Structures are given as structure tokens and as C-alpha cells.
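Below: one structure, written as C-alpha cells.
The values are calculated or read from the model by the stated rules, or taken from the named source; none is laboratory data. Remember, predicted model here, so these are calculated numbers, not experimental data. All Cβ positions, even for glycine, are placed from backbone atoms using ideal geometry, and neighbour counts span all protein chains on display. SASA here: full protein model, heavy atoms, side chains in, ligands and nucleic acids out. Shrake-Rupley method; radii C 1.70, N 1.55, O 1.52, S 1.80 Å.
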Amino acid sequence: MVELAHFRNTVGGEHVESATGNWIESVNPYTGEPWAKVPHCNATDVDAAVDAAHNAFVKGPWATMAPTARGKLLHRLGDLIAREASKLAEIEVRDNGKLLAEMAGQTRYIPEWFYYFGGLADKIEGGVIPIDKPDLFTYTKREPLGVVAAITPWNSPLLLLTWKLAPALAAGNTIVIKPSEFTSCSTLALMDLFREAGFPDGVVNTVTGYGHEIGAALVEHPKVAKVAFTGGDATGARVYASAARHIKHVTLELGGKSPNIIFEDANLDDAVKGAISGIFAASGQTCIAGSRLLVQRSVYDEVSAKVVELARSARLGDPMSPHTQVGPITTLPQRHKVLDYINVAESEGAKCLLGGKIPEAPELARGWFVEPTIFGNVSNSMRIAREEVFGPVLSIIPFEDDEEAIEIANDTIFGLASGVWTSSIRRAIRMADRIRAGTVWVNTYRAVSFMAPFGGYKLSGIGRESGQDAIGEYLQTKCVWINLAEGVPNPFVMR
Ligand code: NAD
């Protein structure tokens, strides 16, 4: 029997197990075997983590630290993450099955968020208001919110956590992180680097366990000022409702059903590669998956054939291997969900052009794989075109002209991302203007940067991560009025 790696939470700078001493096993989706265990926490653990974060916010060195010093800590953390990039990447691959080829790039890139927001830490400025009333001096300050609960999903634990941590810490907040119960290990491994970087104890804390047990308790905790959540839209709605009852700040990064639109004037070979990267990278388990491929009818047959041909050549296999192009689905329940959607699509009359099954190759038998799957002639009213599958399943939808492309693209409850493939700059800009989504990529797909705001329209979420806007999501404005005159005027009227 293989010995499981042991990960503990960090609370108030200490490594801790759960109050009950119970554990959750983390299963490697490529082998189907447990490889690690993390504490199974309950509301008592949530209380301890929030108290540690609250204490660090109101007293101790973090509360009085100059923003420039905060920024330097973030820089140091970035350097340490760069040093540990390979190790963190391997942990995440074991935990969620993402390709090492992708994760190695991600963990090398993650430090940039800490450098960027570290640089912003001492540029959070208020203003002096040229107030319209005599004898008053009035200025604003931008202050942190307090304890931030950062709740993350299983598909990209470290990257999505970074999008919250870097601006929240730069703004001076303290944090309690609740990673997904399926993929907590890379987050817990990251915690040691905070101490090494010199962050005061209690500034960043973790609790691990199930969403309905500790996620909900964290959102409702009276000392949590803000919830920064990434996950599914149904959970997001529950989190939003619960946060509303307690008047908390919220950012929500939710799901998508993103249109990737290929026009007849596009470079079709590039567009086909963009279609593949939009849906089969990370086995389709990305919020930005271009799961609806809209193709102009004049090139529909040609593009469909090319997409099928390229997807058929994808190498499924061990996510640790540099040769693998498509890895397993991260969790067994998610594989069931993906297979259920494939059945639904077939029963609604979508034509399966590729895949649709669990692969038969014996070397893949232990892992939770689903073949890259493509449905042709999908109508946008089918469930496969309306609901987020979160797996390697592409729907190809024909359209006639720009008007119909926009109509179909926007006919969704979501609005996270989109792609447009065209050689006409006029068409590119017009489409970018009219698509109701937080991101539009033209002649590319799946690009992100620490500098570029990311977030959803409609049910894809509220608020923006990355870019200068993001730090504002973790600040509140205070207005200070100082009387420069002698005495107090008539106390019975508003001044
Ligand atoms: P999920 O909603 O099931 O879980 C997300 C997190 O919320 C987990 O940590 C979970 O334990 C926790 N949670 C569950 N119930 C909770 C509750 N009642 N209160 C508080 N927390 C609770 O999502 P998932 O299945 O882990 O991730 C997949 C989803 O995430 C997809 O819908 C995907 O589109 C979305 N996602 C969005 C983005 C984005 O940036 N917009 C990025 C990645 C993933």
C-alpha cells in the first residue's frame, strides 16, 4: 500500500489538522488511486481560521505595515513561487490531472501577479476634495475590507487563488482560503512560502473540507467581510444569497458557455487550432471553454472536418508526460456528468462526429478519461448548447451571417468569454462591440494576463480579477471631514 502524502492547514502560522482529526483523501485522476490526504474541517476549524485572520487584520504587524513593505512581501513571495514552480506544478498535476506541460507554464507565470499587485500596493491613493463648503478640509482614503474568504474550484486551484490573493493582500486584507475538496494539496503546499517570505502569522490561513459544510460556514461567518468565489453558477447563487443576508462584499467568477465564432474570411487552419485549444485544452474543464463553435455555413463542412481530424489526433495519456495533449477528467462525479451530457445530446438529435465514450486503450483504463467529443449540426436550443458541460465536448453550430452569429452568440445565460476568427478588422471590432461577454479574443483564444481584467457578464459573474480594476474589489473608500473653523455652527441644520 502506497503511503499517502500528508497536507495540513495553516492557521495563525501553525500547521494544523482538523478539530475532529478526520481526513479527506485526494485521488489522482490518472491512476484513480488516493495519493494524499487533507484535513476534513468543520465549523470549529472555520472559526479558528477566521479568528486568526481577524486578529492579524486588527492587530499585529500587518495592521500597521506600510504599503511599500506589503508590496515587498508580495515580491518576495513571487520569487519563492518561481523557485518552487516545478514542485507546485507536480502537486497540482497529481491532484487534478491537468497536463504538466500546462501547469509548468502556469506556476512559472503565477509570480507575475504577485509582482504586479506588489507594485500596486503603495499606489492606492485617496484624494483631496475641493469641497464646496467653507472651512472644511475633506479627503478620501481607500482602506482594506477586512477578512476575505477566498473559495476556489478544482480546475485551476493555484492560478484562480492567485487572482484573489495578490490584489487582496496588496490592498491590506487578511485571508481565509477554502480550496476545493477535490484539489486542496497545491494550495496547502503554497502556504509554507508565505512564512518564508516573511508574512506575519494569520495573514493567510486555510481550511479544507466540503463546500456545504465549511464553505457555507465561511460565507456566513460574521467576521468575514468579503467573499471572493470562483465556481459553478448554482453554487455562486447560493453564496451570493448568503452573503446578501450578511451584507458582504462579493466577487463571483462563475461558469460559461462561450461562443468561438469562425467566419468564412478567417485563416481556417488557425481558426481550427483555436477551436481545439478552446475546448480540448485542460480536457474542456475551464470556465472559458469555447464549447459552442459557431461556423459560417459556407465553410461549415470544411471546418467541421478539420476540427474532427485534429481532435482525432490528440494524444490522451499520463498528464505528467510531455507528449500528452489531453488528460483525464479531474473527478469521478464530473466524468459521470460529462457522459450524461453526451447521452442528452444524442437523445436530442445532435450528431456525434467524434468520440462520445470512455476510451478503450488499456493504459487509460484506470484514469477518468473521456474521449474528445464533437457534435455537429447542433441547434442552440439544445441542452448541450445551453448548459455548461465542463468537459471535452464541443458543439458545432452553423450560422449564415454576422447578424445570426451575434444572435446565437448572445443567446445564452452566460457571458464569460468569446472568440472571433476573421481577417476583417471591421468585422472583428463590430463583433467585439456586440458580444455580451467579459472577454473577446480575436484570432486567438485562451490568453490571460495579470494586467488584463477578467470576469463575467450576466450569470458568469460579478466583479473583475487581474488588471488594475481588481485591487478596487478589495478596498472601500472612507471620506474624512475636518472642520477648520472655530466653533460649531447651528447644530439643528445639516452643514
Ligand atoms: P463548485 O461551485 O462546485 O465549487 C466551487 C467551490 O465552492 C469549492 O471549493 C466548493 O467546495 C465550494 N462550495 C460548494 N458549495 C458551497 C457553499 N454552499 N458555500 C460556499 N462554498 C461552497 O465548482 P467546481 O465544480 O469546483 O468548479 C467548476 C465550476 O467553476 C464551473 O462551473 C466553472 O465554470 C467554474 N469556474 C469559473 C471560473 C471563472 O473564473 N469564471 C474559473 C474556473 C472555474
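Structure notes:
- Residue count, segment 228-247 (criterion: of a type in the set (Phe, Trp, Tyr) and under 12 Å from the mean Cα position of the chain (by Cα)): 1
Quick grid of which residues meet (1) assigned to a helix (DSSP H, G or I); (2) surrounded by fewer than 21 Cβ atoms within 10 Å (Cβ to Cβ); (3) not assigned by TED's automatic domain parsing to the domain that holds residue 194:
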{"site": "21", "(1), (2), (3)": "no, yes, no"}
{"site": "24", "(1), (2), (3)": "no, yes, no"}
{"site": "34", "(1), (2), (3)": "no, yes, no"}
{"site": "37", "(1), (2), (3)": "no, yes, no"}
{"site": "45", "(1), (2), (3)": "yes, no, no"}
{"site": "49", "(1), (2), (3)": "yes, no, no"}
{"site": "55", "(1), (2), (3)": "yes, yes, no"}
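- Candidates 270, 265, 233 - the one that is near the ligand (Cβ under 10 Å from one of its atoms), in contact (Cβ under 8 Å) with a residue 24 or more places away in the chain and open to solvent by 30 Å² or more (accessible area, probe 1.4 Å): 233
- Scanning segment 451-485 for residues that are more than 28 Å from residue 166 (Cβ to Cβ) and open to solvent by 70 Å² or more (accessible area, probe 1.4 Å) yields 481, 484.
- Of the strands (runs of 3 or more DSSP E) lying entirely inside segment 278-385, those containing at least 1 residues that are within 16 Å of the ligand (Cβ to nearest atom) span 292-296.
- Complete set of residues in segment 184-225 that are farther than 28 Å from residue 123 by Cα, within 18 Å of the chain's Cα centre (by Cα) and away from the ligand (no atom under 14 Å from the Cβ): none
- Out of 488, 448, 442, 493, sole residue that is more than 28 Å from residue 126 (Cα to Cα), open to solvent by 80 Å² or more (accessible area, probe 1.4 Å) and of a type outside the set (D, E, K, R): 493
- All conditions but one from (1) more than 14 Å from the ligand (Cβ to nearest atom); (2) in a loop (DSSP other than H, G, I, E, B); (3) among the acidic types (Asp, Glu) apply to residue 181; the one that does not is (1).
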